[in-house]
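Undergrad: Attaching a single structure in structure tokens format; questions to follow.
A short reminder: the numbers here are calculations on the coordinates, not readings from a lab. Note that the structure is a prediction, hence the values are computed from the model and not measured. As a convention, Cβ positions derive from the backbone with ideal geometry for all residues, glycine included, and neighbour counts pool all protein chains shown.
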Amino acid sequence: MPTPPLAQSAICAPAHGHALFLTFNRQPECSPEHCRLQLGQIALLLDQWASRDPAARNCWAIGIGVASWASLIGPRQPRLLAGFPQFANAIHPAPDTPHDLFLHLRSEKQDWCFEAGQQIESALRGSFTLASSTAGFRYLDSRDLTGFVDGTENPEPDARPSVALVADDDEFNGGSYLHVQRYVHDLERWRELDVATQEKIIGRTKQDDQELDDDTKPENAHIARVVIEEDGEELEIVRQSMPYGTVGGEKGLYFVSYCKTPATFNRMLERMVCNQQGPADRLLFFSRAVEGGAYFVPPKAMLAGWI
């Protein structure tokens, strides 16, 4: 089993109060060699940032876009590297909006995320262009903006490395397959529903976060679609998702999934968006994906080797 020191620090860490999600695209004139050098330097910068305030538990991860891997990194690639899944029979959108880089910054303090984001954007200017910036935040007692507790199915912290980190792929051990989606909630329509109906859509109780029993939980409930068992074992991912939004503007969930294989996310997403082995996820009538991407987060030693 890989050890956490091999991994970038945002992958397995316990929940934080704040996050910043950044995407970047390479400028055509920037050579792959210079891009890799800059990524190694950004890793050093972020290690220094993380050490400046231990109480804030600052941590970070850098993901390389799957479609950009060969042109940025070279022909050697993680064994299971695959693009963001697309399903011909999907009844809900799951768009693939690829970028060259994904930066995941986490802290107990919003200002530290902002500070690191500013430093990264400045350091990459001239080589990469900032494509998007989304600030995530803990909402109440770790709830989604729908009012339900988020991340209940996450593995316990000491089990996360075995779920999230590659352990059988030589130089890529300690890396992780990353999938992200930005969802926009229709909260006005959601709030028109009574609590009992909301609970059947999610598959858990709203107040005390208890899973509904099988006789009560509909087969198109969110939990029913994403909790999958194979050979008596539940398929797991490490979710590091967070709510985002502005008053009067878009509001939703920035979904972030780390796993040692892309297959688990692919299975979950297919069951959500397709009538596959049951009806598609009813929650997606109230929350739509507007962005999505597949990345690989390399082990820290690989980043250090680019300097």
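Undergrad: Per residue and in cubic angstrom, what volume does the convex hull of the Cα atoms of the range 4-304 have? The partial results should precede the final answer.
TA: Values: hull volume 41.1 nm³, N = 301.
Spelled out: Cα convex hull of the range 4-304, divided by residues, is 137 Å³.
Undergrad: Which GluC sites (Glu not before Pro) in the range 227-274 sit in a loop by DSSP (not H, G, I, E or B) and have at most 14 other Cβ atoms within 10 Å of their own Cβ? Don't jump to the answer; show the numbers that get you there.
TA: Details: sites: 229, 230, 233, 234, 236, 250, 270; in loops: 236, 250.
Taking the range 227-274 and a limit of 14 other Cβ atoms within 10 Å, the loop GluC sites (Glu not before Pro) found are 250.
Undergrad: For each of 139, 258, count neighbouring Cβ atoms within 10 Å of the residue's Cβ, then give the residues from fewest to most.
TA: Numbers: 139 17, 258 28.
Ascending Cβ contact count within 10 Å gives the list 139, 258.
Undergrad: Sticking with this structure for a sec: Which of the peptides 102-111, 170-179 is most tightly packed, and how do the rest follow, judged by the mean count of other Cβ atoms within 10 Å per residue? Numbers along the way, then the final one.
TA: Numbers: 102-111: 21.3, 170-179: 23.1.
In descending order of packing, they fall as 170-179, 102-111.
Undergrad: In addition: Over the range 4-304, what is the relative contact order in whole percent, taking alpha-carbon pairs under 8 Å and six or more residues apart?
TA: Numbers: 613 pairs, mean separation 89.5, N = 301.
Computed value for the range 4-304: 30 percent relative contact order.
Undergrad: If you place +1 on the Cβ of every Lys and Arg and -1 on the Cβ of every Asp and Glu, how big does the dipole about the Cα centre of the range 65-112 come out, in debye to the nearest 20?
TA: Working: 4 positive and 4 negative charges, 45 e Å.
Using only the charged Cβ atoms, the result is roughly 220 debye.
Undergrad: Express in nm, to one decimal, how much length is gained between residue 216 and residue 142 on full extension, taking 0.36 nm for each residue of separation and deducting their alpha carbon distance. Before the final figure, lay out the partial values.
TA: Working: separation 74, 0.36 × 74 = 26.64 nm, distance 2.49 nm.
Length difference between fully extended and current span is 24.2 nm.
Undergrad: Connecting C-alpha atoms closer than 10 Å in a GNM of the chain, tell me which of 89, 266, 25 has the biggest fluctuation.
TA: Looking only at 89, 266, 25, the largest GNM fluctuation is found for 89.
Undergrad: Here's another thing I want to ask about it. Taking amide H positions as placed 1.01 Å from N in the peptide plane, with prolines and chain starts having none, which residues 5 or more places from residue 186, or on another chain, fall under 5 Å of its amide H?
TA: HN-HN under 5 Å from residue 186: 287, 288.
Undergrad: Also: Please list, ordered by chain and number, the residues whose modelled amide H lies under 5 Å from the amide H of residue 17; skip anything fewer than 5 residues away on the same chain.
TA: Here the answer is 107, 108, since their amide H atoms fall under 5 Å of that of residue 17.
Undergrad: Would you be so kind as to identify which of 83, 159, 268 lies farthest towards the positive end of the dipole of the chain, taking Lys and Arg as +1 and Asp and Glu as -1 on Cβ and the Cα centre as origin?
TA: My answer, from the dipole projection, is 83.
Undergrad: Sticking with this structure for a sec: Projecting each Cα onto the charge dipole of the chain (Lys/Arg +1, Asp/Glu -1 at the beta carbon, about the Cα centre), which of 255, 130, 292 comes out farthest on the positive side?
TA: 130
Undergrad: Follow-up question, since we're still on this one. What residues qualify as long-range amide H neighbours of residue 143, i.e. H under 5 Å apart, gap of 5 or more or another chain, H built at 1.01 Å from N?
TA: Those qualifying (amide H under 5 Å, at least 5 residues apart or on another chain) are 150.
Undergrad: Quick one: net charge around residue 112, please, counting Lys, Arg +1 and Asp, Glu -1 for every other residue with C-beta under 12 Å from its C-beta. Numbers along the way, then the final one.
TA: Working: positive: 52, 57, 106, 109; negative: 53, 108, 111, 115.
Counting the neighbours of residue 112, the net charge comes to 0.
Undergrad: Each residue of the range 172-186 in order: what ³J(HN,Hα) in whole Hz does its phi give by Karplus 6.51 cos²θ - 1.76 cosθ + 1.60, θ = phi - 60°, with x for Gly and Pro?
TA: Listing the rounded values in order: 8, 4, x, x, 7, 8, 10, 10, 10, 9, 9, 9, 10, 8, 9 Hz.
Undergrad: If you don't mind, another one. Treat every Asp and Glu Cβ in the range 155-307 as -1 and every Lys and Arg Cβ as +1, leave all other atoms uncharged, and give the resulting dipole magnitude about the Cα centre to the nearest 20 debye.
TA: Values: 17 positive and 28 negative charges, 162 e Å.
With only Lys, Arg, Asp and Glu charged at Cβ, the dipole is about 780 debye.
Undergrad: Here is a follow-up. Would you kindly derive the ³J(HN,Hα) couplings of the range 58-75 from the backbone phi angles with the Karplus curve 6.51 cos²θ - 1.76 cosθ + 1.60 (θ = phi - 60°), listing them in order in whole Hz, with x for Gly and Pro?
TA: Rounded to whole hertz, the list is 4, 8, 7, 8, 10, x, 9, x, 4, 5, 9, 4, 4, 6, 8, 9, x, x.
Undergrad: A further question follows. Just to check I understand the Karplus step: with θ = phi - 60° and J = 6.51 cos²θ - 1.76 cosθ + 1.60, what whole-Hz values come out for the range 249-262, glycine and proline as x?
TA: x, 5, 9, x, 10, 9, 7, 9, 10, 10, 7, 6, 9, x
Undergrad: May I ask you to list the residues of the range 145-174 whose amide nitrogen lies under 18 Å from a point 7 Å from Cα along the Cα→beta-carbon direction of residue 76?
TA: 166-174
Undergrad: Further question: Note down the magnitude of the dipole of the chain about its Cα centre, charges +1 on Lys and Arg C-beta and -1 on Asp and Glu C-beta and zero elsewhere, to the nearest 20 debye. Spell out each step's value before the answer.
TA: Values: 28 positive and 42 negative charges, 199 e Å.
Taking the Cα centre of the chain as origin, the dipole is about 960 debye.
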